[in-house]
1. Over all directions, what mean area does the Cα convex hull of the protein assembly as shown project, stated in square nanometres?
2. Rounded, prolate or oblate: which fits the range A:146-217 when a ≥ b ≥ c are the square roots of the eigenvalues of the alpha-carbon gyration tensor, with rounded for a/c under 1.5 and prolate only if a/b beats b/c?
3. Separation of the range A:258-274 and the range C:98-160 by C-alpha centroid, Å?
4. Amide H of A:GLY97 versus every other amide H placed in the peptide plane: which residues, excluding those fewer than 5 positions away on the same chain, fall under 5 Å?
5. Give the Debye-formula value of log10 I(q)/I(0) at each listed q (0.09, 0.13, 0.15 Å⁻¹), with one equal scatterer per alpha carbon of chain A, two decimals each.
6. Taking the dipole about the Cα centre of the range B:72-174, with the C-beta of Lys and Arg at +1 and of Asp and Glu at -1, give me whichever of B:PRO154, B:LEU91, B:PRO107 is farthest to the positive side.
7. Go through the cysteines of the protein assembly as shown and tell me which have no other cysteine Cβ under 4.7 Å away.
8. Taking every residue in C:507-513, how many Cβ atoms of other protein chains lie within 10 Å of its Cβ, on average?
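What follows draws every value from the coordinates through simple rules; no lab data is involved. From a predicted model like this one, the values you see are computed outputs, not experimental measurements. Glycine also receives a Cβ, built like all others from the backbone with ideal geometry; neighbour counts cover every protein chain displayed.
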Amino acid sequence: MNKGIAVVEMTAGAGIDGRKPYLRINNVTKKFGDFVALNRVSLDVYEGEFVCFLGPSGCGKTTLLRAIAGLDIQTSGTIEQAGKDISDLPASERDFGIVFQSYALFPNLTVNRNVAYGLENRKVSKADITARVEELLNLVGMPEQGQKYPAQLSGGQQQRVALARALATSPGLLLLDEPLSALDAKVRVRLRHEVKHLQHKLDVTTIMVTHDQEEALTMADRIVVMNQGVIEQVGTPLEIYRRPGSPFVADFVGTMNFLAATAIGNGKVRMGNIELSAGNDGANIGEGTPVTLCVRPEDVMTRNVEADTPNAFEVTVQDMEFLGSFYRADISPRDDEKTVFLADLSINLVRDKNIIKGMNLPVAFPESRIRVFSQT
Amino acid sequence: MHIKSMPKSITRVLAATAVGVFTAGISAPLFAETLTVYTAVEAEDLKKYAARFNEDHPDIKIKWVRDSTGIVTAKLLAEKNNPKADVVWGLAATSLMLLGEENMLQPYAPKGLDKLDPKFRDSKNPPSWTGMDAWVASICYNTVEGKKNGVPKPTSWKDLTKPAYKGHVIMPNPNSSGTGFLDVSSWLQLFGEEGGWKFMDALHENIARYTHSGSKPCKLAAAGEITVGVSFAFRGAKSKAKGAPLDIVIPTEGIGWDMEATSIIKGTKKLKAAQTLVDWSISEKANKMYNEGYAVIGIPSLAKPVKYFPKEVATKMIDNDFAWAAKNRKRILSEWQKRFDSKSDPK
Amino acid sequence: MTTAAAIPLPEIKPKLSGDDRIMRGFILLVGVWMVIAVLLPLYFMLSKSFEDNDGNFIGLLNYAEYFSTPALFYSIENSFFIAVVSTVITITLAFIYAYALTRSLMPFRGAFKVIAMIPLLAPSLLPAISFVYFFGNQGVIKGVLMGETIYGPIGIIMGEVFYTLPHALMILVTALSTADGRLYEAAISLRAGKIKTFFTVTLPGIKYGLISAIFVVFTLVITDFGIPKVIGGQFNVLATDIYKQVIGQQNFEMGAVVSVVLLIPAIAAFLVDRIVQRKQVALLTARAVPLEPKKSRGFDTAMGIYCATIAFVILAIIGMAIYASLVTFWPYNLTLGFTNYDFDVMDGGGWESFGNSLRMAAYTAVFGTAIIFTGAYMVEKTKGFALARGAIQFLCILPMAVPGMVLGLAYIFFFNHPDNPLGMIYGTMVILVVVTISHFYTVSHLTALTALKQMDPEFEAVSASLKVPFFRTFLRVTVPVCLPAILDISIYLFVNAMTTVSAVIFLYSSDTNLASVAALNMDDAGDVAPAAAMSVMIVLASATVRILHAILTRGLARRLQAWRKR
């Protein structure tokens, strides 16, 4: 199922601009003893693309990255890079730069020596190395810090140095293994933009592993959502968020209401007493099938809901939580207190309508914002 | 690169070390030949022995391997299939007999053999070994401690079994000490097999402990650590010379003795030099040198009295049956061990 | 779901990089070393115990003879008696001392800690010699023993306590200083009394450290040779029996049998310790708030007095050995002088043996550290090759279970075998260095592993991605970063090589006489004062190197602080 979705959506993915696949992952399986960490994973990554592997810990995203790097070679399946089969090559014979969460900077070498580390071993003149190191440090926004030791730098600075080091040898592929996870929130947000900007500027094909959906949504051209060793969905951030391909993706990315319902044919579902139109999503599900209806709290329509608005129904506000820029409310259909879902109420709305706990109001689930998954 | 070549460089350095160690022994003139000589001669005499020999034969260098009798014997036996020694100069005759039984000795009749006291040579012809000097048992008695502890000066072996000596006597363990063994074998010859063991049973009651080395009991007596040390006369005389309040007692019953003797180890690649050394070891000059520390020597006519050395030694030496002692060595030692070397000893 | 699912895909066989091949080569080299330096000798020794004098297989006959000779098998009981009593005393003393160091605010804690470590610098026979001067028949305070003789179990146990105290102390201090302060706060808030807190919080918290200390001390005592040799008198133990069988009676087969008998408790204690250590590691990784001891005048004073007493005894023992070495002719001529340092007229190899010891210790430190650290690096960092790595990891831990005497005897059987091409190292400095490195391999290996585990595991991945060969990173990053641990290993090897007797007693030759063995042989020949003098020389050499090491480490730390300091 998942593979099918992946292939379909991959070709539909944005940001490819007719480029050729740079990295082709074909049926990659990795076993640790009896444990299957990756199960026949296939994926194409295009030239210059920024791809994020997103998923909870243990989903196989790091395993896949390490297989691509040749650090832990897959049990079976093939990997091609730039048209060359690299499946069985050791890391040292592949073409990539890598940045780890721990930075892995050599503590006893200065920033300059760290960045120059991969260059010193090649037949590059001293002057060229110095120039290249300077260029890279400028690029990552750390000019004139070259004489310092890693321990004298902040976490964010260290990660910039690690990035410069990985880019020094101009690799064809940049691998980022949770590069921002060890940083504090503000630095993380700033670096997100910088890394993305840098990647765009250098046009280097990049794969980043992260468990942070916000990071993936803001940085990636395409997101590969993984779970239990398989790819759940591949798509642009917007596709992943708007049209999650599975309940898992729906749950993992953003906040989602999961509501039990039953398909009643013609693309409609019934939730309690309420009939809702689910558009195309419900079309191929047989009548009487139990389904899960998904809708995001921010997609619950609360303004301008009239009697003739599609998918409108009356609800009772059970509870309200103030989250600064909006309220997140626990809401139940009027005669069905057992069904509770979240809806985001803007500060304006609450003020205008003077909404308080226990109040009734009309809401609607816009048809285009509903996802329906068969429970069977 | 560095790492790759490391195992090589390690072996190279280790090999260099080995060579260094090896060549360290050959730091003599280039033409000199080096003999590896195993010995149990007292450490303080070794330099003198080599120097005197080199006065006559500067072209043969001696590399000493010195340890106590038991250890040298053990070493030689351990290296039986792969001998490292060329000559043994100064080891108990009973030990050499043991080695002879293992067919490890090269028979050789050194020049001047006829001058030797017949007791001081292997009876075979040509002999497997020749003697240097006699190394005689005796008792070292600390007069100061004796007075303090109320332990009278003994005159006989039997005296030592008296209750007054309880806990005041130390003797060497015959299993590790050549002196210890000559004591035990002499008692068995003096008092008979049965009487000998009975004597030792009684003596055992008074023994504070058994030492591994034959000279240690006398040194302990010299230091006042014990009152009576069963040891050998040479050691006693040396300690007395150092100022220890010692009397050297020659028990009236007679004293056991062994010879320090010399032999060539079979298979040596330096037979010629080895024979030169053995020739010298029974020369008059050598005998006079032995006489500086030992009263009884291989050529009795040359013997002069030794300072602090009891005069009556020669007369009290028992008619030691070395062949018997060597043949029964193993049996005697295991019997001794069974009787005395167990936990029933004083704690 | 997909059609391809049914067809099994061919397995990928990863190609080895040059690095992989070199690293595997190194692993195999380490393996070959361990096989030659530990496994094969032990095998030869084991098989020797089933042979007669002429090398014929005779099954268990030697063992039958052993157990029918009371003089021999009584030693098992003696050894256990000594080991158990010494362990109880050492652990009790060390525990209170460690408790005082970690849980009180008594003054001079630093000095007390340093003093308690001094015994590590001395050969084990040094306390035995001191005790002769204290409690021997001419001893200055022999009355303390109330007529009992020092030559026997009393002397052995006292010597063993002195010798094993710092070993126990190091483990217990570590265990006590990793306590979780929050547990004590909880205990106070629950109004648990001091004694109750001790039994419900303190003891369980150091449980594994305590067990580990017990087994380490037990093993050290049961395998020690120097102390029972010098002061044991008629009280035979297994370690001296091996010596007596081999050296005294040339009965190599029986020596092998006793070795096997000694190997059994040593291995058992070792296994228990390993299991416990594994559990302790899990305990230590838990995040805890360090416990800050609170001021308590009475407690601090009591602890201070206790530690001062122990420290005084340690210093007195060392001091007595120094005094003994300077007295011209004890007890009749008390003039002080250096006559006893004229080693050249004594047994044991003279001053040359001291020079040999320094050389041997230096070689052991240099080559041992290189071999052990590189080996540990390969075991830790090589990719794949799991089976070989596991096997070699086991072999690296094994030497800890093998008593030095057993290893030394095993070396005779293996290296002096006429068909062994390696026999050329027999009787040379090389075999002494090899046996010493092997004997002290485990602790050094574990120290190296700990340091390596603290390094970022991705250094090698980064190097590979930058196409920098691993040995470049090893030399430019790993070695400099691990330098403190590397120095620790080398100093450990140096000091142990200076003081060890048991591993080398069967292997030195006249060219390679060692100071520690010389001291033993001088004592053996009754030259107790010169033996003390040689022991003092060993302590001086070890202490000098230790101090140099401290200075070097401090200088290094300052130099390297640039990249450590924020």
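1. 62.8
2. Cα axes put the range A:146-217 in the oblate bin.
3. With the range A:258-274 and the range C:98-160 each reduced to a Cα centre, they are spaced 87 Å.
4. Those qualifying (amide H under 5 Å, at least 5 residues apart or on another chain) are A:LEU173, A:LEU174, A:LEU175.
5. Normalising to I(0) and taking log10 leaves -0.63, -1.05, -1.23.
6. Checked the options; the winner is B:PRO154.
7. A:CYS52, A:CYS59, A:CYS294, C:CYS307, C:CYS396, C:CYS482 - these cysteines have no disulfide-compatible partner (Cβ-Cβ under 4.7 Å) in the protein assembly as shown.
8. The per-residue average across the peptide is 4.
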